[in-house]
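**Q** This is the structure I want to talk about, given as structure tokens.
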Amino acid sequence: MASLTIKLPDNQKSEIEAIAGEKNYNSVSEYVREALRDKVEEDLFLRPEVAEKLRKRLKKHRDGDVEVVSHEEVLEELGLDED
């Protein structure tokens, strides 16, 4: 297994250690690995509702209903804006 070193603020490290203990993880590393797996999975796969909105927009485009919108408008429509 590969290693990865990260730096955290002291309070965040303490919080992670406390949560890992409360939830009966065998180690802090086990807790962090699970958290990272969950985040990577979330980032790799589109949520179903976002995928459906993309399918609908693509179908409209293929049907000739072309609408020029900004990148920001698309992100907002898909619920992906970071505001």
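Readers should treat all values here as calculations from the given coordinates under stated rules, not as data from a laboratory. From a predicted model like this one, the values you see are computed outputs, not experimental measurements. Positions of Cβ are backbone-derived with ideal geometry, glycine not excepted, and every protein chain shown enters the neighbour counts.
**Q** Against the longest alpha carbon principal axis of the chain, how many degrees, from 0 to 90 and to the nearest 10, is the axis of helix 48-62 turned?
**A** 20
**Q** Here's something else I'd like to know. Taking only DSSP H segments of four or more residues, each worth -39500 (n - 2.57), what value at 222 nm results for the chain once the sum is divided by all its residues, to the nearest 500 deg cm²/dmol? Don't skip to the answer; put the middle values down first.
**A** Details: 4 runs with 53 residues, N = 83.
Rounded to the nearest 500, the figure is -20500 deg cm²/dmol.
**Q** Please go through the stretch 29-83 and write out the GluC sites (Glu not before Pro) that DSSP classes as loop and that have at most 13 other C-beta atoms within 10 Å.
**A** Those satisfying the criteria are 67, 82.
**Q** Also, quick follow-up: Stokes-Einstein at 37 °C, 0.692 mPa s, Kirkwood radius from Cα pairs: D for the chain in µm² s⁻¹?
**A** Details: Rh = 16.5 Å.
Translational D for this selection: 200 µm²/s.
**Q** How many Lys pairs in the chain lie less than 23 angstrom apart by Cα atoms, where the lysines are 8 or more positions apart or on different chains?
**A** Details: 7/23; 7/39; 13/23; 13/39; 23/39; 39/53.
Taking the chain as the scope, the lysine pair count is 6.
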